[in-house]
Amino acid sequence: MLAAGAELDVFSFLSERPLTGQQLADQLGGDVRALTVLLDGLTALDMLIKKGDRYEAPPEIAELLTETGAQSLLASMLHQANCLRRWVQLAKVVQTGQPAERAPSIRGAAGDQAAFIGAMHSISQAAAGFEKTELIRRDAFMNSVIRAEKMIKTDNG
């Protein structure tokens with residue numbers, strides 16, 4: 001559930017203002033019933049807050065799971081989701097001897113590549129002992145990478 005929420009970027013949307021499941025489904029272009037099940041699941045995990053029919057991301061979660069969070073782990077979460085998609089195929093790989101199928105996430109191959117780069121950047125900074133100000137600079141860097149990937153994708157059709 002957490003990976004699906006991260007891939008759909010629900011934490012970013014819900015950190016800006018509380019939304020109903022229908023409002024968020026309209027913004028995402030998704031199915032309201034399926035999205036509501038996801039949102040209720042994330043609420044049960046204390047990843048979201050539900051007040052009436054509106055959901056919101058608590059500030060401490062938004063800090064970790066949005067691109068703009070100063071302590072964002074979003075790129076690492078997205079990369080982990082990509083890895084998990086392949087690991088769940090392990091039994092088939094063992095049985096057939098064929099490599100796991102590689103299919104891009106809903107963000108596309110460019111988004112998956114940006115997540116990998118962002119995750120490796122986070123890991124290397126943590127290993128080097130960078131301070132919070134450096135993490136904020138990392139976020140700015142990742143936003144530049146994502147914008148560049150979008151421009152390349154747009155230019156290439």
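The values are calculated or read from the model by the stated rules, or taken from the named source; none is laboratory data. It should be emphasised that the depicted structure is a prediction, and the values quoted were computed from it without experimental measurement. When we count neighbours, we look across all protein chains shown, and the Cβ atoms used for this are built from the backbone with ideal geometry, even at glycine.
Please indicate, with yes or no, whether at least one residue in region 44-52 is part of a helix (DSSP H, G or I) and at pLDDT 95 or above. Steps first, answer last, please.
Within region 44-52, the first condition is being part of a helix (DSSP H, G or I), and the residues that meet it are 44.
Narrowing further to those that are at pLDDT 95 or above: 44.
There is at least one residue in region 44-52 that is part of a helix (DSSP H, G or I) and at pLDDT 95 or above.
Considering region 66-86 alone, what residues qualify as being in contact (Cβ under 8 Å) with a residue 12 or more places away in the chain, out of contact with any Phe, Trp or Tyr (no Cβ under 7 Å at 6 or more places or on another chain) and closer than 19 Å to Gly108 by Cα? Write out each step before concluding.
Step one: of region 66-86, the residues in contact (Cβ under 8 Å) with a residue 12 or more places away in the chain are 66-82, 84-86.
Next, only the ones that are out of contact with any Phe, Trp or Tyr (no Cβ under 7 Å at 6 or more places or on another chain) stay: 67-78, 80-82, 84-86.
Answer for region 66-86, where residues must be in contact (Cβ under 8 Å) with a residue 12 or more places away in the chain, out of contact with any Phe, Trp or Tyr (no Cβ under 7 Å at 6 or more places or on another chain) and closer than 19 Å to Gly108 by Cα: Glu67, Leu74, Ala75, Ser76, Met77, Leu78, Gln80, Ala81, Asn82, Leu84, Arg85, Arg86.
Which residues, taken from region 87-116, are touching a residue at least 24 places away in the same chain (Cβ under 8 Å) and either within 14 Å of Ala3 (Cβ to Cβ) or surrounded by fewer than 10 Cβ atoms within 10 Å (Cβ to Cβ) (or both)? Explain how you work it out, then say what you get.
Within region 87-116, the first condition is being touching a residue at least 24 places away in the same chain (Cβ under 8 Å), and the residues that meet it are 105-108, 110-116.
Of everything in region 87-116, those that are touching a residue at least 24 places away in the same chain (Cβ under 8 Å) and either within 14 Å of Ala3 (Cβ to Cβ) or surrounded by fewer than 10 Cβ atoms within 10 Å (Cβ to Cβ) (or both) turn out to be Ser105, Ile106, Arg107, Gly111, Asp112, Ala115.
Which one of Val37, Val32 is touching a Leu at 6+ places or on another chain (Cβ under 9 Å), of a type in the set (Val, Ile, Thr), modelled with pLDDT of 95 or more and not assigned by TED's automatic domain parsing to the domain that holds Gln125?
Working: Val37 fails: touching a Leu at 6+ places or on another chain (Cβ under 9 Å).
That would be Val32, the only listed residue that is touching a Leu at 6+ places or on another chain (Cβ under 9 Å), of a type in the set (Val, Ile, Thr), modelled with pLDDT of 95 or more and not assigned by TED's automatic domain parsing to the domain that holds Gln125.
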